Amino acid sequence: MIRTTCVFCLLVLSSCGSATGGRPVDFTMQMELVTAPGDADGDPRTFTVNDFAVELTSIRLEVGAIYLFEKQPLVDARRWLDTLGNALLPAAHAHPGDSFFAGGRALGEWVSAFTYELDRDDDTLMQLGDVEGIAGWVRSFSIVFAARGTQVGHVAIAGTATRAETTIPFRMTVTFPADIESRRLDFASATVELSESGALLVRANPAAWFEGAMFERLSPPVATSTVELDPDDQVHRAVTTNLRRGRPYSLEWQQALP
């Protein structure tokens, strides 16, 4: 794991260094929740999982960094990093600026840790700030959960799951191991072009976090108490796995009006 972590750090640093030859552009970066495809008019905090109607009442994400790359994501980034590490780490001639990362150049990045937090009625759009990037097409991106999440939890979610006459209030906290590779989600696909004077939306689909979750395996709470999910619960395991997959995440570019 130490080897893989070192390789990922080197790849990000080297690809950022190799991006200096392109045309610089300034844009803003934002983050928001989105609904599943085909449900554009719905609230991303309400969805159905295996016949359970789920409503999320609070969400907190501790995000450390967002990286934008010019090439398609690898089919299995983790396995590729392990393989590449065997060849890369012993090489004394590796220098920052060499492009070892199969995703190519880093066209932009947000490296200031932030907390994305909202309750039931909050607007899901969060303004992060201005970014200096490189003009071009972004084909993949990755998000790294913040190191501070090791102490407070990288992700905290609360809500209810209802089927027929059964309602289960639940709460869960997901804490990944401290190393950067364990805090990084798999490289996600994207097709957006960075240009001057626009906004890049980093979007997360909560319904995809709960894909495969089986609330029927949870015991209904006593009276009005909330079920505290622990890492051994199937729902917790499903969400933990999906949080680091690329599928729940996407990018959208919004060009500024002239």
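A short reminder: the numbers here are calculations on the coordinates, not readings from a lab. These figures come from a predicted structure and were not determined experimentally. Positions of Cβ are generated from backbone atoms using ideal geometry, with glycine treated the same way; all protein chains shown enter the neighbour counts.
Listing 69, 176, 114 from fewest to most neighbouring C-beta atoms within 10 Å gives 114, 176, 69. Under the criterion of Cα pairs below 8 Å and six or more residues apart, the relative contact order for region 106-159 equals 39 percent.
Counting neighbouring Cβ atoms within 10 Å and putting the fewest first, the residues 197, 142, 182 line up as 197, 182, 142.
With all pairs of different C-alpha atoms in the average, the Kirkwood value for the hydrodynamic radius of region 122-258 is 17.2 Å.
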